[in-house]
Structures are given as structure tokens and as C-alpha cells.
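The structure appears below as C-alpha cells.
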Amino acid sequence: MGQSPWRLALRRLRRDRIALAFGALFVVLALLALAAPLWADVAGRGPNATNETGTIDVGGEQVDVVSLDGVPIGPQWRGEYFLGADANGRDVMVRLLYGARNSLLIGIAAALLTTLLATLVGLLAGFYGRWVDAVARSALDVIWAFPVVLLGVALGTALALGGLTVGPIDLAAGSIAISIAVIAVVYVPYMARPIRGEVLALRERDFVAAARAQGASATRTMAGELLPNLAPTIVVLAPLMVANAILLEAALSFLGVGVVPPDPSWGNMIDAGVERLVTAPHLAIAPGLMLVLSVLALNVFGDGVRDALDRRGGAAWEAERP
């Protein structure tokens, strides 16, 4: 008896140990972000607690957290100042984990919103065609025409000053919801276009014609017939969207239109660390490494999911399975 495509895809994914390892790495990073309050208790200070004039015991001697010439202390590899301090005497490790919470929250939420909007636009444009498709394609082409970072900075700057109010939606200036909305919108074309193309092909299939011949409404046809067949495409694109969203959030925060200081994110931590790259390289290296690992993990895992769901690989799997 044959197995479902999803079960076969899962079995193929389980054989891809590299993809699973990188997926596990991202889960570990997410768990570290969730554990930020626990580490703050260990360090004895919150992410925004400054300590420019304080001292700590290092080998029996009292050492300034921030020296008189403004150079912060380096990694101490213990609970307090595990990764050193920044120019304001704030614990880098604590800020790194709280920054992970903000960066991952914005990235995942933006990717989910992108997926929702792109699926809706792609379904409607591909299924109805004609003027609906023309309007949707025009809107997507306008967004597509701008470089992602440039459009993100433009929208982020405009909304960061006055916030956003659309009907019942009221996003205050400086809210992370602004970053989520901006990132979600600029990435919609990159997901909506392939979904639209697949819907255009699927709507000509016999099962769609049969559903419509039986009197199924347009909504029921899209939800019951087309959407399940779009699931593999959506599942493949989702982790890549999360990776891109995290990367764009870091870029926006680095440029000053993302997470507003003193709240930490990997982007604004890298921005602050670049100024002291020679005297205190840990300020930029730590958040930069976390950003690279997160994006790399999601991309490798996403490639593994894509390979597992590739229908062309099904026959090869059947031939080689024990």
C-alpha cells in the first residue's frame, strides 16, 4: 500500500542529516532567546541596565567595566559579563539573548504575515484572472521594482516618524509591529508570484473542473482544492522567508529604522559594535555570528525541505529505500 507524499517527504527529510542538524541549530538559538530572562537573573542585570562607572573582580583585582578612555571590558566567561560589556556598561550576553528575542520574533511574525498575504493574493490572482490578476500583478510589480532594503528603509523611515493608522489598526511609532508590517509587505511579491504561477497551472487541472462542475463555490474550490496543492510550495518557501525577514530586520535596525535603541536587536548591536571594532571586537562579532548562524540554519534546512518535497525525487527514494 502506497504512502502519502507527506509521509514520504518526511522520511526523505529524516535521511538528510545536514538539514536536520541545521534545523536543530535554529531551534537551539530560539530556545536561547526564550531563556533570556533566565540568563538575566544569572548575570544580575537586565538588557538595558547601564554600569559605566562600575567595577568587577577579575583575578582578585577590581577592573573598570568601562575604562577611562571608553573601552568596555571583554568577555569574562562567567555569569556576569560572559561576553563582556558595551560602551554603556551593559551586559553583552544579556543584550544578545534579548536581541535574539526581538530579531526572531520580528522575523517569524513578518514571514507568517508575508505567507498569509502572498497566499491570498496569489490564490485570487491566479484563480480569477482577468482584471483581478492584472491589478494584483501591477501591485506586485511595483513592489518588486524596488530593492528590498531600499524599500524597507523608505517605509520604515516614514512609519517610524508617525506610526501607522489604517481603520482599526493603530501601530505606534517605534513599535516592533512597524518592522513586522514593513518586512512582510516588501517580501510579498517574492512569495506571491510563484504561488500565482502554480495556481494558474492548477486551475486547468481536471480536479478543479470537476469541483466547479459539482457546483462548488469559488471560495470552496480555492480552499478545498487549490490550497492543499499549494501546501508544498508554501512549506518550502516559509523557512526561506523567515531567514530573509531576519536578515532584513537586522539591516533596518543597523540603519536606524528597525528596533529602536535602547531595546536590543542583532542589527543595532552590530551598528554599535562597528564603531569599536578595533578596541572591542566582541561587540560586533557576537551578534554578527548569531545572525549568520540563524540565517544559514534556516537556508540549509529550507533547502532540505525543498529536496524532500521534490516530487521528482520520489521515484529515486522508492528505489533506494530499504
- What nm distance separates the two modelled labels at residue 274 and residue 223, each placed 7 Å from Cα along Cα→Cβ? 4.7 nm
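Using a Förster distance of 51 angstrom, determine the FRET efficiency expected from the C-beta separation of residue 15 and residue 42, and round it to 0.05.
Approximately 0.85, to the nearest 0.05.
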- How much accessible surface does residue 133 have with a 1.4 Å probe, in Å² rounded to 10? 20 Å²
- Message: Computing the accessible area with a 1.4 Å probe over protein heavy atoms, can you report the carbon and sulfur percentage for the stretch 98-229?
- Response: 65 percent
- Message: Can I get the semi-axes of the stretch 177-243's equivalent ellipsoid? Compute them from the C-alpha gyration tensor as square roots of 5 times the eigenvalues, in angstrom, largest first.
- Response: 29, 12, 10
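Expressed as a rounded percentage, what relative contact order does the chain have, with Cα pairs under 8 Å and six or more residues apart? Walk me through the numbers before you get to the answer.
On the way: 469 pairs, mean separation 75.6, N = 322.
Across the chain, relative contact order equals 23 percent.
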- Over the stretch 158-296, give the accessible area per residue in Å² for a 1.4 Å probe, as an integer. 46 Å²
- For the stretch 120-243 the mean separation of alpha carbon contacts under 8 Å (6+ apart) over residue count, i.e. relative contact order in percent, is 28 percent
- Dipole magnitude of the chain about its Cα centre, charges +1 at Lys/Arg Cβ and -1 at Asp/Glu Cβ only, in debye to the nearest 20? 1620 debye
- Message: Can you give me the C-alpha center-to-center distance between the stretch 176-233 and the stretch 1-65, rounded to a whole angstrom?
- Response: 35 Å
- Query: In angstroms, what radius of gyration and Dmax does the stretch 61-177 have, counting Cα atoms only?
  - Reply: 22.3, 76
- For the stretch 169-322: span of alpha carbons on each principal axis (Å, largest first): 69, 51, 19
- Just tell me, in residue order, which DSSP H segments of the chain are both 30 angstrom or longer along the helix axis (alpha-carbon based) and at least -1.0 in mean Kyte-Doolittle hydropathy. 92-128, 227-254, 282-309
- To the nearest µm²/s, what D does Stokes-Einstein give for the stretch 50-115 at 10 °C and 1.306 mPa s, using the Kirkwood radius over alpha carbon pairs as Rh? 120 µm²/s
- Item | Added length on full extension, which subtracts the Cα-Cα distance from 0.36 nm per residue, residue 131 to residue 205 | 24.5 nm
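Of the listed peptides 238-247, 169-178, what is their order by residue-averaged count of other C-beta atoms within 10 Å, with the highest listed first? The partial results should precede the final answer.
Numbers: 238-247: 24.1, 169-178: 15.4.
For the peptides 238-247, 169-178, the packing ranking is 238-247, 169-178.
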- Message: Can you list residues from other chains, or at least 5 along the same chain, whose modelled amide H is less than 5 Å from the amide H of residue 55?
- Response: 65
- Message: Positive end of the dipole of the chain, charges at C-beta (+1 Lys, Arg; -1 Asp, Glu), about the Cα centre: which of 77, 219, 232 has its Cα farthest in that direction?
- Response: 219
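What FRET efficiency do you get for residue 173 and residue 50 if R0 is 22 Å and r is their Cβ-Cβ distance, rounded to the nearest 0.05? Don't skip to the end; give the middle numbers.
Numbers: r = 24 Å, r/R0 = 1.10.
Taking R0 as 22 Å, the efficiency between residue 173 and residue 50 is 0.35.
With a cut-off of 8 Å between alpha carbons and a minimum separation of six or more residues, what is the relative contact order of the stretch 1-125 in percent? Before the final figure, lay out each step's value.
Working: 129 pairs, mean separation 26.7, N = 125.
Normalised by residue count, the contact order of the stretch 1-125 is 21 percent.
Given N residues in the stretch 99-249, what is its alpha carbon radius of gyration divided by 2.2 N^0.38 Å? Each step should come with its number before you reach the end.
On the way: Rg = 17.0 Å, N = 151, 2.2 N^0.38 = 14.8 Å.
Its radius of gyration relative to the 2.2 N^0.38 Å reference: 1.15.
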- Helix-only [θ] at 222 nm, the chain, -39500 (n - 2.57) per DSSP H run of 4+, per residue, nearest 500, equals -22000 deg cm²/dmol
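Give me the Kirkwood hydrodynamic radius of the stretch 1-127 in Å, from all C-alpha pairs, to one decimal place?
Numbers: mean 1/r = 0.0549 Å⁻¹.
Taking the inverse mean of 1/r over all distinct Cα pairs, the stretch 1-127 comes out at 18.2 Å.
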- Compactness ratio of the chain: Cα Rg over 2.2 N^0.38 Å, N = residue count? 1.20
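The values are calculated or read from the model by the stated rules, or taken from the named source; none is laboratory data. These numbers come from a predicted model, not from an experiment. Because the Cβ atoms are built from the backbone with ideal geometry, glycine has one as well, and the counts that use them run over all protein chains shown. Ligands, DNA and RNA are stripped out before the accessible areas are found, and what is left, the full protein with its side chains, is counted by its heavy atoms. Shrake-Rupley method; radii C 1.70, N 1.55, O 1.52, S 1.80 Å.
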